[in-house]
1. Does residue 130 fit the bill of being in contact (Cβ under 8 Å) with a residue 60 or more places away in the chain, surrounded by 16 or more Cβ atoms within 10 Å (Cβ to Cβ), within 24 Å of the chain's Cα centre (by Cα) and part of a helix (DSSP H, G or I)?
2. Take residue 201 and decide whether it is under 26 Å from residue 5 (Cα atoms) and touching a residue at least 12 places away in the same chain (Cβ under 8 Å).
3. Of everything in the stretch 299-323 that's surrounded by fewer than 15 Cβ atoms within 10 Å (Cβ to Cβ) and modelled with pLDDT of 95 or more, which residue is farthest from residue 257 (Cα to Cα)?
4. Identify all residues within the stretch 187-226 that are outside any helix (DSSP H, G or I) and within 26 Å of residue 274 (Cβ to Cβ); write none if there are none.
5. Where the second residue is modelled with pLDDT under 95 and surrounded by 13 or more Cβ atoms within 10 Å (Cβ to Cβ) and the first is closer than 21 Å to residue 207 by Cα and lies in the stretch 1-22, which pairs have Cβ atoms under 8 Å and are six or more apart or on separate chains?
6. State all residues of the stretch 214-224 that are surrounded by fewer than 17 Cβ atoms within 10 Å (Cβ to Cβ) and modelled with pLDDT of 95 or more; if no residue qualifies, say none.
7. If we scan the stretch 264-276, do we find a residue that is surrounded by 15 or more Cβ atoms within 10 Å (Cβ to Cβ) and closer than 24 Å to residue 103 by Cβ?
8. Here are some conditions: (1) part of a loop (DSSP other than H, G, I, E, B); (2) touching a residue at least 24 places away in the same chain (Cβ under 8 Å); (3) surrounded by fewer than 16 Cβ atoms within 10 Å (Cβ to Cβ). Residue 106 meets all but one. Which one does it not meet?
């Protein structure tokens, strides 16, 4: 199984009625004997936000690929979004049947206030997390020193005429959830979870898949007394957002970003599968013209989970950009 180069510790931060789970990686100077160890240099914290149906531990391979010089004196934080990993879906571990996109912005804002109230951060987001951090950097530009978006493409444009059908679909999916028809498939063992991860991403090696499976899922006792592995993602995340995706609102927010921004896509991105031509990579590149201080690049021989496929390439890219 994969062996971490850099161990993380878990912490829980109380925000908005939730105990938000974060992973923390730190490396300080070990050349001096405690307690006379030299103080670490003050560097901007690096905050990593994962994508849909993922967890904070997903960044482990990328963190392991960072150089020792980059890690020296640096704190790296990765959070589980609400309803993913070890962060509950609702206050008091209560039930929720819906997730609102604006809550991700609020959660991130409260989290940074709790962790670094007087300091700007370097902010990275993947996929859904990339979409959130891009919006956040435009809403709170002073809080972000450098911004990295990993395959956070946004969504196809919508029209007002789309609203009735979208609301109807949202209502229908809510009813399916309450009827127990929207669930997360359990697996007999961790090997089954690992196989699921490798089926979704053929580039993921067996050792990494087995390691990641133990963070992406957890063993839970079923009503019949058996133990099965369940994905650490609330099935309510499968429900469509009731609100239309407003491209002009997004672009007006991106125009307010002041941080130098790096947008990274994978050479084998799957936009053509997701959107069936309704939204393309060329459309995304056109939207990015709204970002004032932008750098774009691609990671070769990688799919959507580029931080799994090419962690060394990505780590080097981020190191150079943050410097």
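The values are calculated or read from the model by the stated rules, or taken from the named source; none is laboratory data. Not measured: the values here are computed from a predicted model. Note: ideal-geometry Cβ built from the backbone for every residue, glycine included; neighbour counts use all protein chains shown.
1. On the way: in contact (Cβ under 8 Å) with a residue 60 or more places away in the chain: yes; surrounded by 16 or more Cβ atoms within 10 Å (Cβ to Cβ): yes; within 24 Å of the chain's Cα centre (by Cα): yes; part of a helix (DSSP H, G or I): yes.
Answer is yes for this residue.
2. Numbers: under 26 Å from residue 5 (Cα atoms): yes; touching a residue at least 12 places away in the same chain (Cβ under 8 Å): yes.
Answer is yes for this residue.
3. Taking the stretch 299-323 and keeping what is surrounded by fewer than 15 Cβ atoms within 10 Å (Cβ to Cβ), we get 300-301, 312, 320, 323.
From the residues that got through so far, the ones that are modelled with pLDDT of 95 or more too are 300-301, 312, 320.
Details: 300: 27, 301: 30, 312: 28, 320: 20 Å.
Residue satisfying both the conditions and the ranking: 301.
4. Initial filter on the stretch 187-226 (outside any helix (DSSP H, G or I)): 187-189, 201-205, 217-226.
If the condition is that a residue be outside any helix (DSSP H, G or I) and within 26 Å of residue 274 (Cβ to Cβ), then 187, 201, 202, 203, 204, 205, 217 are the ones that fit.
5. Within 8 Å, the pairs are 6/27.
6. Looking only at the stretch 214-224, we keep the residues that are surrounded by fewer than 17 Cβ atoms within 10 Å (Cβ to Cβ), and these are 214, 218-224.
Those that are surrounded by fewer than 17 Cβ atoms within 10 Å (Cβ to Cβ) and modelled with pLDDT of 95 or more: 214, 218, 219.
7. No: the stretch 264-276 contains no residue that is surrounded by 15 or more Cβ atoms within 10 Å (Cβ to Cβ) and closer than 24 Å to residue 103 by Cβ.
8. Result: residue 106 fails condition (1) only.
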